[in-house]
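Right, one structure below, let's go through it.
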Amino acid sequence: MSCDPLGSTYEITQPPPHEIPTEKRSKSDPGIAGFPGGAPHTGKQGQGDPEEARNFTHAERWKLKKAAAEILDEIPAGVKPFRVAVCHRTRGHGVEQVQLLQERGTNRVFYGGLMKCASVWVCPVCAAKITERRREELTRANASAHEKKLRVSMMTLTAPHRMGDDLEKLLQGIRDARRAMFNRKGWKRIREAAGIVGSICALEVTHGGNGWHVHVHELIYCEAGGAALDAEKLLPLWQSACTASGLGRPNVHGLKVGDGSKAAAYVAKFGAEDRDEDGWGVEHEMTKAHVKRGKKGGRSPWDLLRAYAYTGEERAAELFRVYAVGFRGRRQLVWSRGLRDLLGVRAKSDEELVEEEREEAEVVWSFDLSEWRWIIDRHLEGAVLQAGRERGKAGVYALLYPDG
Ligand SMILES: [Zn+2]
């Protein structure tokens, strides 16, 4: 019997690992240049000096990537190895030299010529790029929807869960329940009344006091003038779909519909303002959920990496392994058929997005093999980026050749 922990999921008070003492970081960790003792943890990234915040995210990303590689070095027999350990370390096929590049006219720097794992789920470095591009796609989609006078709502679905639940079973259950719900006559009636023209589904997970908390965000596009989506009418459909799919029966927290008027106002602002890294809207929620810090006690996958990277927490490593295997091969965002065409957003794979270099870039540094080996042996990839961004060629030189 399920104790229906869903309602209480929102009440868990386990403190999030925001303030992790840096002295507890693993002994094998050489630290990050510029951040003695590891990257600083502030409650919220981006507050205060934005330059500092960017350095922080750069440095932390590489530190977490190293943690992911260490964690996924130990995987159950029979599981195909993850590529995050070799990602951004070896040269790409047919590439002569690894380079540090700088986008023309900005101080944005990045590496060229490296093999990339393109895993949005387990690689913090690849995920940063993929999720940013996916977020841009959603922004374009919503701007186009706005032009077409479509309304957009966000429906969030989740199911009861408890400590010890099998993650893969939960994922399968949610997937089956979602499909079952959309096949119900009741849904078809609601779809017609609301004038739904399509939706984009995003998958998200946290881990907290009640085990894995899987949920789905559904961005739903409706014709102007259609009936508003009503959570009270939708909930019974979701409840019966869950029980039919082997999940527990969700309570009132199992289905939420985001405020339509707020979503519309939000959509109206797309393109009208230059949002900084602090801006966290619908499209961030949809694409970067596994990156952000879990709220109300639940830990996001990146929180698990942080706990392992800064405190060596083995339990967090075990959970990350389970998550990595469970999410492998799943798509982060699924667009309903025809919606991309309707909104004029072309489909691109994660691999395409991670390899895409659309910036006009200048070479800051071309690394010879011994230089690159020296950097990756010391896990200084993040530090080199930071040095290149702050001081260009001279910064990279000073890091590589401290004795002149
Ligand atoms: Zn990667």
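Observations, loosely collected:
- Filtered by the rule that a residue be aliphatic (A, V, I, L, M) and without any contact (Cβ under 8 Å) to a residue 24 or more places away in the chain, the stretch 213-236 gives a lone residue, Leu235.
- Checking each residue in the stretch 361-396 for being touching a strand residue (DSSP E or B) at 6+ places or on another chain (Cβ under 8 Å) and farther than 23 Å from Met115 by Cβ picks out Gly392, Lys393.
- Matching residues, the stretch 91-132, being surrounded by 14 or more Cβ atoms within 10 Å (Cβ to Cβ), in a loop (DSSP other than H, G, I, E, B) and within 14 Å of the ligand (Cβ to nearest atom): Met115, Lys116, Cys117, Ala118, Ser119, Val120, Trp121, Val122, Cys123
- Contact map, the stretch 96-125: first residue modelled with pLDDT under 90 and of a type in the set (Val, Ile, Thr), second residue assigned to a helix (DSSP H, G or I) and within 16 Å of the ligand (Cβ to nearest atom), Cβ cut-off under 6 Å, separation 6 or more or different chains; pairs are Val109/Leu385.
- The numbered conditions (1) buried (at least 23 other Cβ atoms within 10 Å of the Cβ); (2) in a helix (DSSP H, G or I); (3) hydrophobic (A, V, I, L, M, F, W, C); (4) within 10 Å of the ligand (Cβ to nearest atom) are all true for Ala141 except (4).
- Scanning the stretch 380-394 for residues that are buried (at least 19 other Cβ atoms within 10 Å of the Cβ) and farther than 18 Å from Arg91 by Cβ yields Gly382, Ala383, Gln386, Ala387, Gly388, Arg389.
- Within the stretch 37-73, considering residues that are within 16 Å of the ligand (Cβ to nearest atom) and assigned to a loop (DSSP other than H, G, I, E, B), the one modelled with the highest pLDDT: Leu72
- The set of residues in the stretch 316-359 being surrounded by 12 or more Cβ atoms within 10 Å (Cβ to Cβ), under 18 Å from the mean Cα position of the chain (by Cα) and among the hydroxyl-bearing types (Ser, Thr, Tyr) consists of Tyr323 alone.
- Any hit, the stretch 74-86, residues being more than 15 Å from the ligand (Cβ to nearest atom), surrounded by 14 or more Cβ atoms within 10 Å (Cβ to Cβ) and over 30 Å from Lys393 (Cα atoms): yes
- Unique residue being of a type in the set (Lys, Arg) and touching a helix residue (DSSP H, G or I) at 6+ places or on another chain (Cβ under 6 Å) when the list is Arg135, Arg83: Arg135
- Only one of the numbered conditions (1) assigned by TED's automatic domain parsing to the domain that holds Gly248; (2) under 19 Å from the mean Cα position of the chain (by Cα) is violated by Glu147, and that is (2).
- Single residue of the stretch 363-372 satisfying the filter (touching a residue at least 60 places away in the same chain (Cβ under 8 Å) and surrounded by 12 or more Cβ atoms within 10 Å (Cβ to Cβ)) that is nearest to Pro124 (Cα to Cα): Trp372
The values are calculated or read from the model by the stated rules, or taken from the named source; none is laboratory data. Note that the structure is a prediction, hence the values are computed from the model and not measured. Neighbour counts are summed over all protein chains in view; Cβ atoms, including those assigned to glycine, are modelled from backbone coordinates with ideal geometry.
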